[in-house]
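No value in this document is a laboratory result; all are computed from the given coordinates. The structure presented is a predicted model; accordingly, all values stated were derived computationally and were not measured. When we count neighbours, we look across all protein chains shown, and the Cβ atoms used for this are built from the backbone with ideal geometry, even at glycine.
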Amino acid sequence: GMQSAGKLMKVFITRRIPQEGLKILSAAGVCEVSQWDSDEPVSRADLLKGIQGAHGLLCLLSDKIDAEVLEAAGPNLKVISTLSVGFDHLAIDEIKKRGIRVGYTPDVLTDATAELTVALLLATARRLPEGVEEVKNGGWSSWKPLWLCGYGLSGSTVGVIGLGRIGMAIAQRLMPFGVKRLLYSGRTAKPHAAEVNGEFVPLDTLVSESDFIVVSCSLTPETQGMCDKSFFSKMKPTAVFINTSRGAVVNQEHLYEALSSGQIAAAGLDVTTPEPLPTNHQLLTLKNCVVLPHIGSATYSTRGVMSALAVQNLLGGLQGTDMPSELTL
Ligand code: NDP
Ligand code: DGY
């Protein structure tokens, strides 16, 4: 509705985002937008400055929103809308205490992230980056019976850690490859697992019986560092490990040991700690480790829809109305 300039609510956006969301925001005409207009992250100092007096914050997973940021914002802050489904970068207890609402982007990125996970699994198991490299560097001398062999999904056992929205979409995409058994672990058995003949098993069983392990859970105090020495030591030496959840679920030193000693066959990671992974990191020296730069949801259309949803969540929070995807705190 009509609002005088003095009454416009203040919004801070921490990055350049797809136009889809910005169009909705300007059409709504209810706020004065200040934006970190860059493809690179806002510095901590500029975040603390930019958020002062804001009623709404639109942030990314690379922005740590903790008590210090909330204090810097002051009492106006009503809503935090993150351009992600993961919310481990938000200090939920501090946010809840202050009565701030949170919006996120579940569902709209599920298909894109599941597709990328399947691509990463196949690329890792069939050694695509190594093969591409050999074509370019002259290592391809002939068709060779024993060269660049990997592992196939047909007849295999796949273990999905965290059969949530994305885990389920990954399982649905993998089953048509001829997977024999689909195991999953988590806090609770999922009724929807029946659609993929999923067997709910203890984590140890999943780890020791799977040929492919896919991590698609959320990062929580319980899952942090879950994939460690003891985890990798239980895996088959022919098994492939894939992580598209959050880097901190994995102990990367222990993963390096497991990969370099031949304890496990290979790993594909879309997420690491830190992000970006330093270019001199030891994991990047390994041929059996495929690392991607956190591109799970990176299709043009998905990022556009995420942007629109994040802005709709923001507007709902600012106006005290429904948010299309509000996180239950
Ligand atoms: P969901 O909430 O639908 O799924 C998360 C799953 O994690 C739930 O099924 C939950 O199972 C499970 N989980 C929680 N704790 C544990 C545990 N201790 N052990 C095993 N599983 C556990 O979220 P989404 O599927 O939408 O997203 C999952 C995560 O994927 C996000 O949190 C984000 O970190 C990551 N992500 C990464 C992307 C990328 O670009 N690589 C893109 C999008 C998301 P239960 O209910 O039984 O606890
Ligand atoms: C998320 O949404 O949590 C992903 O990591 C990026 O899309």
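Dipole magnitude of the stretch 161-290 about its Cα centre, charges +1 at Lys/Arg Cβ and -1 at Asp/Glu Cβ only, in debye to the nearest 20?
Its charge dipole is roughly 260 debye.
Which FRET efficiency value, to the nearest 0.05, is calculated for SER301 and ASP46 with the Förster distance at 30 angstrom and r the Cβ-Cβ distance?
The computed FRET efficiency comes out at 0.50.
Relative contact order for the chain: what percent, with Cα pairs under 8 Å and sequence separation of 6 or more?
On the way: 634 pairs, mean separation 65.0, N = 329.
Relative contact order, the chain: 20 percent.
If contacts are Cα pairs under 8 angstrom and at least 6 residues apart, what is the relative contact order of the stretch 1-155 in percent?
In percent, rounded to a whole number, it is 16.
Would you mind computing, in nm to one decimal, how far apart the modelled labels at SER260 and ASP322 are, each placed 7 Å from Cα along Cα→Cβ?
Once both label points are built, they end up 5.5 nm from each other.
Give the cross-link partners of LYS180 among the aspartates and glutamates, using a straight C-alpha distance below 13 Å as the criterion and excluding same-chain residues fewer than 8 apart.
GLU199, GLU209, ASP211
Provide PHE212, PHE177, PHE241 in ascending order of the number of other Cβ atoms located within 10 Å of each residue's Cβ, fewest first.
Fewest to most other Cβ atoms nearby, the residues stand as PHE177, PHE212, PHE241.
Mean projection of the alpha-carbon convex hull of the chain over all orientations, in nm²?
Over all viewing directions, the chain projects a mean Cα-hull area of 18.5 nm².
Testing the spin-label approximation: label points 7 Å from Cα along Cα→Cβ at GLU222 and ARG173. State their distance in nm.
Reported label-point gap for GLU222 and ARG173 is 2.6 nm.
Mind giving me the nanometre distance, one decimal, between the label points for VAL132 and ASN280, set 7 Å out from Cα along Cα→Cβ?
Here the modelled spin labels are 2.6 nm apart.
For LYS49, list the lysines whose Cα falls under 21 Å from its own Cα; do not include residues on the same chain fewer than 8 positions away.
LYS7, LYS10, LYS64, LYS78
Among VAL179, VAL160, what is the fewest-to-most ranking by other Cβ atoms within 10 Å?
Ascending number of Cβ neighbours within 10 Å: VAL179, VAL160.
Take the residue pairs LYS23/LYS96; LYS136/LYS287; LYS144/LYS236 and return only those whose Cα atoms are more than 19 Å apart.
Beyond 19 Å between Cα atoms: LYS23/LYS96; LYS144/LYS236.
Determine, for GLU20, GLU40, GLU275, the number of other Cβ atoms within 10 Å of each Cβ, and report the residues in order from fewest to most.
Working: GLU20 18, GLU40 9, GLU275 12.
The order, fewest Cβ neighbours first, is GLU40, GLU275, GLU20.
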